1. Quick check on region 127-151: of everything there that is assigned to a helix (DSSP H, G or I) and touching a strand residue (DSSP E or B) at 6+ places or on another chain (Cβ under 9 Å), which residue is surrounded by the fewest Cβ atoms within 10 Å (Cβ to Cβ)?
2. Quick one: would you say residue 35 is at pLDDT below 90 and either loosely packed, with under 11 Cβ neighbours inside 10 Å or out of contact with any strand residue (DSSP E or B) (no Cβ under 8 Å at 6 or more places or on another chain) (or both)?
3. Among the residues of region 71-109 satisfying the criterion of being in a helix (DSSP H, G or I) and in contact with a helix residue (DSSP H, G or I) (Cβ under 6 Å, 6 or more places away or on another chain), which is farthest from residue 157 (Cα to Cα)?
């Protein structure tokens, strides 16, 4: 009789444990979906896209359509950085026809993307046109420094041959488009950093690891030289939501020439 009671108690304990684990997993999946939808990236850059998020014990599937190829990566990087996410199955499809690589349309999208995540330039106030790889910038900058920085960022985009900046400088000082007190979640910051490094040809996102904690970005990986390491720090510091940057990248040793 005692043996039977013991078996029953063990069975009940197992059922309770399994049920508890199942409930915790369900709650975590709900938090993942909610956090993704409330993230700065989804509310700001992906708000016009039709993205469906399903999570099963931390394994997330993204389905639906997005306007640009870059939005697929942006969505994936954001979700992958959320607490509890184990992996992301990205099944998002791009609406419409994709521009040919290195075409003027492709270069224009790259330039706009490079400006999008930096807080000291204004993508919304900058018009970009491209003819045979030559970029012309128009619009209004709040200062000469912003105008020059916009040129610098545009020149560092793959496929750009040269940049002509015809932007006017505002006579009266204007406030930046970003609200200074705006809180941007860590997952969105990490995703923006990765996309920004991908947009600039002078940096290598494949050799750079990015983690963010309370707005402090820590970089790891390898830089080709000290100049690239410094450039990565500069670019990341100018990303929306970044409070400070800790650059732990190592510099690749120079291979001696055989000549």
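1. The first filter runs over region 127-151 and keeps only residues assigned to a helix (DSSP H, G or I), leaving 144-151.
Checking which are touching a strand residue (DSSP E or B) at 6+ places or on another chain (Cβ under 9 Å) leaves us with 144, 146-151.
Details: 144: 10, 146: 21, 147: 22, 148: 14, 149: 17, 150: 27, 151: 18.
Ranking the candidates gives 144 first.
2. On the way: at pLDDT below 90: no; either loosely packed, with under 11 Cβ neighbours inside 10 Å or out of contact with any strand residue (DSSP E or B) (no Cβ under 8 Å at 6 or more places or on another chain) (or both): yes.
Considered against the rule, which asks whether it is at pLDDT below 90 and either loosely packed, with under 11 Cβ neighbours inside 10 Å or out of contact with any strand residue (DSSP E or B) (no Cβ under 8 Å at 6 or more places or on another chain) (or both), residue 35 comes out as no.
3. The selected residue is 79.
The values are calculated or read from the model by the stated rules, or taken from the named source; none is laboratory data. Quick caveat, the model's predicted, so the values are computed rather than measured. Note that each Cβ is placed from the backbone with ideal geometry, even for glycine, and that neighbours are counted across all protein chains shown.
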